[in-house]
Amino acid sequence: MTFFLDTDICIFALRGDHAPLQAAFRALKPERIKVPSIVAAELFLGACKCPNSLTAEKAVDAFLEPFEVVPFDRGAAEVYAQLRSELESKGTVIGPNDLLIAATTLAHRGTLVTHNKKEFSRVPGLHLQDWTRQVG
């Protein structure tokens, strides 16, 4: 199983204050963990907004280093279009970046690791885990 990290999980990991999350990271080889490119972008944006942005950017770089950053590619674009159309028709749209993250995860047949299960549970077929509450 391949796990894709949502932004909130990455932030928790960068803070280092969630024992179940840290245990989940230790239990898995880095090759099984991926980061959607939009998540990397959100992390770097957050770092840019920090008072000590250079230190924050270095922390993001160090966190991302062992993981593959997966681009939003053609397959993800096709999944995105189908998902957005379906969610709009049901009136259950999620945030635009969350939709990109979900599409990337689905296109690569992964499980999304997020603390935001309420939002992502609206996405049909998306497997979710919350490592802040349990070891995945």
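Just so you know, all these numbers are worked out from the coordinates, no wet-lab data involved. The structure displayed is predicted, hence computed values, not measured ones. In this analysis, Cβ positions are derived from the backbone assuming ideal geometry, glycine residues included, and neighbour counts consider all displayed protein chains.
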- What is the magnitude of the charge dipole of the chain about its Cα centre, with +1 placed on the Cβ of each Lys and Arg, -1 on the Cβ of each Asp and Glu, and no other charges, expressed in debye to the nearest 20? 300
- Query: What list of ³J(HN,Hα) values in whole Hz, one per residue of segment 31-41 in order, does the Karplus curve 6.51 cos²θ - 1.76 cosθ + 1.60 (θ = phi - 60°) give from phi, with Gly and Pro shown as x?
  - Reply: 5, 8, 10, 10, 10, x, 4, 5, 5, 4, 4
- Message: With θ taken as phi - 60° and the coefficients 6.51, -1.76 and 1.60, list the Karplus ³J(HN,Hα) couplings across segment 19-30 in order, rounded to whole Hz; mark glycine and proline as x.
- Response: 4, x, 5, 4, 5, 5, 5, 5, 7, 10, 6, x
- Once you've got the Cα coordinates, tell me which of 58/118; 29/90; 58/117; 34/117; 49/90 are over 27 Å apart. 58/118; 29/90; 58/117; 49/90
- What residues have an amide H closer than 5 Å to that of residue 129, excluding those fewer than 5 places away on the same chain, when H is modeled at 1.01 Å from N in the peptide plane? 112, 113, 114
- Query: In segment 44-123, which trypsin sites (Lys or Arg not before Pro) fall in coil by DSSP and have 13 or fewer other Cβ atoms within 10 Å?
  - Reply: 49, 109
- Message: Of 27, 53, 107, which is farthest towards the positive pole of segment 3-129's charge dipole, taken about the Cα centre with +1 and -1 on the beta-carbons of Lys, Arg and Asp, Glu respectively?
- Response: 27
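Roughly how big is segment 6-74's charge dipole about its Cα centre, with Cβ charges of +1 (Lys, Arg) and -1 (Asp, Glu), in debye to the nearest 20? Could the numbers behind the result be given before it?
Details: 8 positive and 10 negative charges, 26 e Å.
So the dipole magnitude of segment 6-74 works out to roughly 120 debye.
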- Given backbone amide H placed at 1.01 Å from N, residues whose amide H is under 5 Å from that of residue 2, ignoring those fewer than 5 places away on the same chain, are 111
- Quick calc, residue 41 & residue 77: beta-carbon distance into FRET formula, R0 22 Å, rounding 0.05, result 0.85
- Message: What does the charge count around residue 24 come to, taking other residues whose C-beta lies under 13 Å from its C-beta (Lys +1, Arg +1, Asp -1, Glu -1)?
- Response: +3
- So what is the 222 nm mean residue ellipticity for the chain from helices alone, if each DSSP H run of at least 4 adds -39500 (n - 2.57) and you divide by all residues, rounding to the nearest 500 deg cm²/dmol? -16500 deg cm²/dmol
- Note on the structure: Under the Karplus relation with 6.51, -1.76 and 1.60 and θ = phi - 60°, whole-Hz ³J(HN,Hα) for segment 70-81, x at Gly and Pro, equal 8, x, 7, 9, 4, x, 5, 5, 5, 5, 4, 4
- Message: Given axes a ≥ b ≥ c from the Cα gyration tensor, I'd like to know whether segment 3-129 is rounded (a/c under 1.5), prolate (a/b larger than b/c) or oblate.
- Response: prolate
- Note on the structure: In terms of the alpha carbon gyration tensor, root eigenvalues a ≥ b ≥ c, rounded if a/c is under 1.5 and otherwise prolate when a/b exceeds b/c or oblate, segment 66-136 is oblate
